[in-house]
1. Within the set of pairs 6 or more residues apart or between chains, which connect a residue that is more than 18 Å from Val59 (Cβ to Cβ) inside segment 175-201 to a residue that is aromatic (Phe, Trp, Tyr) and open to solvent by less than 50 Å² (accessible area, probe 1.4 Å) with Cβ atoms less than 8 Å apart?
2. Please work out which one of (1) in a strand (DSSP E or B); (2) in contact with a Lys or Arg (Cβ under 8 Å, 6 or more places away or on another chain); (3) free of Cβ contacts under 8 Å to residues at least 60 places away in the same chain is the condition Leu30 fails and give its number.
3. Restricting attention to segment 165-172, does a residue exist that is out of contact with any helix residue (DSSP H, G or I) (no Cβ under 6 Å at 6 or more places or on another chain) and modelled with pLDDT of 95 or more?
4. Within segment 150-164, count every residue that is at pLDDT below 95 and assigned to a helix (DSSP H, G or I).
5. Looking at segment 71-89, which of its residues are more than 28 Å from Glu277 (Cα to Cα) and out of contact with any Leu (no Cβ under 9 Å at 6 or more places or on another chain)?
6. Would you pick out the residues in segment 188-205 that are under 17 Å from Phe76 (Cβ atoms) and either open to solvent by 70 Å² or more (accessible area, probe 1.4 Å) or aliphatic (A, V, I, L, M) (or both)?
7. Go through segment 117-139 and report how many residues are in contact (Cβ under 8 Å) with a residue 60 or more places away in the chain and either out of contact with any Leu (no Cβ under 8 Å at 6 or more places or on another chain) or open to solvent by 10 Å² or more (accessible area, probe 1.4 Å) (or both).
8. Sort out which residues of segment 49-82 are open to solvent by less than 50 Å² (accessible area, probe 1.4 Å), more than 23 Å from Ile145 (Cβ to Cβ) and in a loop (DSSP other than H, G, I, E, B), and write them in order of number.
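The values are calculated or read from the model by the stated rules, or taken from the named source; none is laboratory data. Quick caveat, the model's predicted, so the values are computed rather than measured. Every residue, glycine as well, gets a Cβ built from its backbone with ideal geometry; the counts of neighbours run over all protein chains shown. When the accessible area is computed, the model is the full protein with side chains, heavy atoms only, and any ligands, DNA or RNA have been set aside. Shrake-Rupley method; radii C 1.70, N 1.55, O 1.52, S 1.80 Å.
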Amino acid sequence: MTIIMQEKMLTLADGRRVALLDNEQQGKLLLIALHGWLDNSASFLPLAPHLGDFHLICVDLPGHGHSDHKTTPYVFVDWLDDLYQIVQAAGWSRFTLLGHSLGALITSAYAGVFPEQVERLIMLEGLGPLSQPDEEVPAQLRRAILNRSRTRERNANGFASVDEAVAARCKVADITPQAARLICERQLVERAGRWHWRSDPRLRELSPLRMGEGQAQALIRAIRCPALFIRGEQGFASLLAQWQLRHGAFEQIEMVVLAGNHHFHMENSADTAVCIEKFCQIR
């Protein structure tokens, strides 16, 4: 199926603009997709041709892709407010959420805070908010404050070419050059003959505070919709322990393992789409 994703821009109540990719299949099951940290909506482009039975809308989170940067730090709970503002501005009332990595953390927490809005929840390589033991809070705060200082001092010289940016991305992420190129092409802007990241440098700041595990599981227990967790065989190994710890907190959840790495949905998109369609009872 040939699917053309249309560029759209949504203006939030506070004036910020959020970029979207929309397959414009109005009337079909609404599927809202949120990408991972330092990715953008282009990470869902390989999936899009296989999801023609959905009204698929892929969001550039604030600070990513073509969306405006924030004027405040990027704190996890504020991502939920960002998503709420996006939902309100778009006029969506009930929908299925699809999240990858950071997007999965956001969508799972959002489904617990606003369960009346979420019909189904699909998490790729993420299983609820990150947590930490209480005794680690002082050290986490220290690291975050020192990291912010380094971020302010960082001077980005950019890249000589898109190829150079793709190679740099592949060095720091478990991703193939083909998948990295899709993300990088949307994440780059040319200035004075060099290529620079569009993304907000402050996204690289460490989170100053994470939830306790009890808080994270309280959010999970508040989810009322069916949930699907898909992980890559070569994805984040820590997700196995997290599954053992948290799957009992979900009211209804199933897990599927697919071939691939952390970005398996980009390289194994056909199998990923089949899992999504079956879960949503499309086929």
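1. Leu188/Phe159; Arg194/Phe159; Trp195/Phe159; His196/Phe159
2. Result: Leu30 fails condition (3) only.
3. yes
4. Looking only at that region, the number is 4.
5. Scanning segment 71-89 gives Thr71, Thr72, Pro73, Val77, Asp78, Asp81.
6. Of everything in segment 188-205, those that are under 17 Å from Phe76 (Cβ atoms) and either open to solvent by 70 Å² or more (accessible area, probe 1.4 Å) or aliphatic (A, V, I, L, M) (or both) turn out to be Leu203, Arg204.
7. 8
8. Leu51, Gly52, Asp60, Leu61, His64, Gly65, Ser67, Asp68 - these are the residues of segment 49-82 that are open to solvent by less than 50 Å² (accessible area, probe 1.4 Å), more than 23 Å from Ile145 (Cβ to Cβ) and in a loop (DSSP other than H, G, I, E, B).
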